Every structure is written in structure tokens, then in C-alpha cells.
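Asker: Here it is, the structure in full.
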Amino acid sequence: MAAMSLLQRASVTAVAALSGRRLGTRLGLGGFLSRGFPKPLAPVRHSGDHGKRLFVVKPSGFYDRRFLNLLKFYILLTGVPVVIGITLVNVFIGEAELAEIPEGYIPEHWEYYKHPISRWIARTFYDSPEKNYERTMAILQIEAEKAELRLKELEVRRLMRARGDGPWFHYPTIDKELIDHSPKANPDN
């Protein structure tokens, strides 16, 4: 609002100065519009002995600070327990040592990892290589069966075109002696 009035006052004063006339008295405003170009104005406030201080309008930083504080809070809320857990695992459990596999023992797929956290992740979230292999082989078998069925369908269509038979239905023609023509013989009954 203050900028609009400042802009309006500056434009009227500029027009008056460029035209060389005194517009202020003619408009009934006295010497208000007849002054020279106005100085750039900003709202000021006088507080104590410190003289004039400008009231600078700037965007609020409240939401930025709130976002950063919440971000820091939630990172620390999850990060501190994770760091404590990793430290405890590294201090008290430690990494696995390479040892000879006993006779007749088949290790699980997570036992091949060195670090206990990697072992836990592999045991909890990952599938075993055997399961992945079986799943891949099942997908390959299904795709091979689909390809075989497509080839059979193409062969069936080729034979149907060659022999002239198809999926349409054939009804045997009925005997003409079985048709009753009596309603057509006397139509005016």
C-alpha cells in the first residue's frame, strides 16, 4: 500500500516536472504535488536515542526454522538409536571369523556374510540363492510352455486354413419331408 502511494506520488511529480507546470495548486492540493522529486521513503520508527531506524520488510523465516528443527529432530530421533545399535553390535559381537565347515554341516545362506548386521539383513529380508534359482527356473518353464502353446496354435491355424475346417458349427440339413406346409396351404382360416 505504501509502495503504491509512493509510486503514484512519484509519477505525478515526474509529470509535473517534465511539463514545467505546477499541478499541485490546480488540483487543489496546495504545494504537496509541486515539490521536487521525492526521496525514496521507507517506514521509519524512532526508538530511544538511537535515531531513525528503518523498518525493513522481509519474508518470515518461521516456517524455514520450523522445518529445519523438525528435520533435525526426526533425523536424531531415528539416527541416535541406530548409531547406538551399530556401536553395540560392533563392540560386543564383532565380525565373524573364517573357520572350517564341520563334516556334514550345510551352512545357511546368511552365514557367508562377515558382519552381523549384514547377516541379519540377509537372513531377514533376502531370499536364499536356492529360492531365487527355483523361482527363475519356474518362470523359464512357464515361458517355455507358453512358447510351445503358441507354436501349436500356429500349426492348428495353418491346418485349418489348409483343410478348410474351422471353429464354426455345422448343422446337418433336415429332411424336407418333415416340414409341415399345412399353415401355408390355407392362409385365410
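Asker: So residue 57 clears everything in (1) at pLDDT below 75; (2) not in a helix (DSSP H, G or I) except one condition, right? Which one?
Answerer: (1)
Asker: Now a separate question. In this structure, does residue 145 turn out to be assigned to a helix (DSSP H, G or I), of a type in the set (Asp, Glu) and surrounded by 10 or more Cβ atoms within 10 Å (Cβ to Cβ)?
Answerer: yes
Asker: Would you mind finding the one in 31, 104, 36 that is modelled with pLDDT of 80 or more and among the small types (Gly, Ala, Ser)?
Answerer: Values: 31 fails: modelled with pLDDT of 80 or more; 36 fails: modelled with pLDDT of 80 or more.
Answer to the check: 104.
Asker: For the structure I just gave you, tell me whether residue 91 is at negative phi and either of a type in the set (Asp, Glu) or surrounded by 10 or more Cβ atoms within 10 Å (Cβ to Cβ) (or both).
Answerer: no
Asker: I need a count of the residues in the stretch 125-142 that are closer than 28 Å to residue 89 by Cβ, open to solvent by 70 Å² or more (accessible area, probe 1.4 Å) and part of a helix (DSSP H, G or I).
Answerer: 3
Asker: Which one of these does residue 166 not meet: (1) under 50 Å from the mean Cα position of the chain (by Cα); (2) open to solvent by less than 80 Å² (accessible area, probe 1.4 Å); (3) of a type outside the set (Ser, Thr, Tyr)?
Answerer: In the conditions (1) under 50 Å from the mean Cα position of the chain (by Cα); (2) open to solvent by less than 80 Å² (accessible area, probe 1.4 Å); (3) of a type outside the set (Ser, Thr, Tyr), residue 166 misses (1) alone.
Asker: When residue 184 is evaluated against the numbered criteria (1) open to solvent by 100 Å² or more (accessible area, probe 1.4 Å); (2) part of a loop (DSSP other than H, G, I, E, B); (3) modelled with pLDDT under 80, which criterion, by number, is the only one it fails?
Answerer: Unmet for residue 184, out of (1) open to solvent by 100 Å² or more (accessible area, probe 1.4 Å); (2) part of a loop (DSSP other than H, G, I, E, B); (3) modelled with pLDDT under 80: (2).
Asker: Let me ask another. Within the stretch 121-142, track down each residue that is among the basic types (Lys, Arg) and within 16 Å of residue 107 (Cα to Cα).
Answerer: 123, 131
The values are calculated or read from the model by the stated rules, or taken from the named source; none is laboratory data. Nothing here was measured: the structure is a model prediction, and the numbers come from that model. Note that each Cβ is placed from the backbone with ideal geometry, even for glycine, and that neighbours are counted across all protein chains shown. What goes into the accessible areas is simple: the full protein's heavy atoms, side chains included, and nothing from ligands, DNA or RNA. Shrake-Rupley method; radii C 1.70, N 1.55, O 1.52, S 1.80 Å.
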